[in-house]
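The values are calculated or read from the model by the stated rules, or taken from the named source; none is laboratory data. Bear in mind the structure is a predicted one, so any value in this text is a computation, not a measurement. Cβ placement follows ideal geometry from the backbone for every residue including glycine, while neighbour counts extend to all protein chains displayed.
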Amino acid sequence: MNRNQVLFQAIRYDFLANYYKYVHPTKHVYYYQKHLEALHQYFFFKTTQSYRMIHKTKRGMTKFRLLHASPDTPAVDIYLNGRLTIKNITYKEMSSYLQIPAGSYLFEIYPFGKFDKPLTKEMIFFMPGVIHTIVCCGPMANLVLIPFIDASYVSAGEAKVRFVHVSPDAPSFDLAFKEIGDGFKHLSYTKASPYKSVRSGKYQCVVKISGTADEVFVHRNLKFDSDTAYSLFAIGFSNGTPSLELLLSQDG
């Protein structure tokens, strides 16, 4: 796909996001995320044509994985359209990527080994070739399923990282990498930052309450490899057990 085709995609996704803004909020958010991803890829093409694809899917297919990030919810089973798809996934556990035909799927979350009343359910729409991480988060009394679009490419020789806030009782966070003095700001619950390109290497990151100097978490041993994308998930309770921590995952 060339740069002009990517720009056309960005315009198309913007049109669809505006079309669904008041008639289908879930699709509005989905297409707006796609619009931002396409814009990012367009400006990436303007600076370099050297990049590495992370994900490849067959025609008409998509991929997703699921993260169990609900601190007080025990092991669960995941059903898609009434079929058991992911079994016995526990807190902090991330499933492997699963390839499925694109389309709409009813996700239902049940306690492990039970199939009477779901803890939560959500209809999620997948477009062909778009890769997602689905996060099951919130307290057990108010579980939600949040889809996030994963990176499909990285700049050659660099890494990509984003910050995802899924700590249900925590305020908005800022995250900064000490080595570069930059990071992500004002990220609230269930939100994800755009991906940021960084050089490969070791990093320390500090999580602070947004707009303050109050440090809530320090991770001193992050390692990012080149040609790889990562997500940093803030999970756990800020006031309770299990406590707040950062979970690093490789996307792809």
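Looking at the stretch 158-181 only, could you name the residues that are surrounded by 14 or more Cβ atoms within 10 Å (Cβ to Cβ) and either of a type in the set (Ser, Thr, Tyr) or part of a loop (DSSP other than H, G, I, E, B) (or both)?
Filtering the stretch 158-181 down to residues surrounded by 14 or more Cβ atoms within 10 Å (Cβ to Cβ) leaves 158-177, 179.
Once the filter is applied, which keeps residues that are surrounded by 14 or more Cβ atoms within 10 Å (Cβ to Cβ) and either of a type in the set (Ser, Thr, Tyr) or part of a loop (DSSP other than H, G, I, E, B) (or both), the stretch 158-181 yields Val166, Ser167, Pro168, Asp169, Ala170, Pro171, Ser172, Glu179.
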Contact list, first residue from the stretch 175-187 and under 18 Å from Ile209 (Cβ atoms), second anywhere and among the acidic types (Asp, Glu), beta-carbon distance below 9 Å, six or more apart or interchain, is Ala176/Asp182; Gly183/Asp174; Phe184/Asp174; Lys185/Asp174; His186/Asp174; Leu187/Asp174
Listed by first then second residue, the pairs whose first member lies in the stretch 70-86 and is over 17 Å from Pro139 (Cα atoms) and at pLDDT 95 or above, whose partner is in a loop (DSSP other than H, G, I, E, B) and not hydrophobic (A, V, I, L, M, F, W, C), with beta carbons under 6 Å and at least 6 positions apart or on separate chains, are Ile86/Ser95
Within the stretch 182-202, restricting to residues that are within 11 Å of Phe163 (Cα to Cα) and in contact with a Phe, Trp or Tyr (Cβ under 6 Å, 6 or more places away or on another chain), the one that is surrounded by the fewest Cβ atoms within 10 Å (Cβ to Cβ) is Ser193
task: Consider Phe217 carefully, then state whether it is modelled with pLDDT under 95, part of a strand (DSSP E or B) and of a type in the set (Phe, Trp, Tyr).
output: yes
Result of the Cβ filter at 8 Å on the stretch 140-158, keeping first residues that are under 17 Å from Val6 (Cα atoms) and partners that are among the charged types (D, E, K, R) and in a loop (DSSP other than H, G, I, E, B), at least 6 apart or interchain, is Val154/Asp227
Subset of the stretch 64-76, residues surrounded by 20 or more Cβ atoms within 10 Å (Cβ to Cβ), in a strand (DSSP E or B) and in contact with a Leu (Cβ under 9 Å, 6 or more places away or on another chain), comes to Phe64, Leu66, Leu67, Ala69, Val76
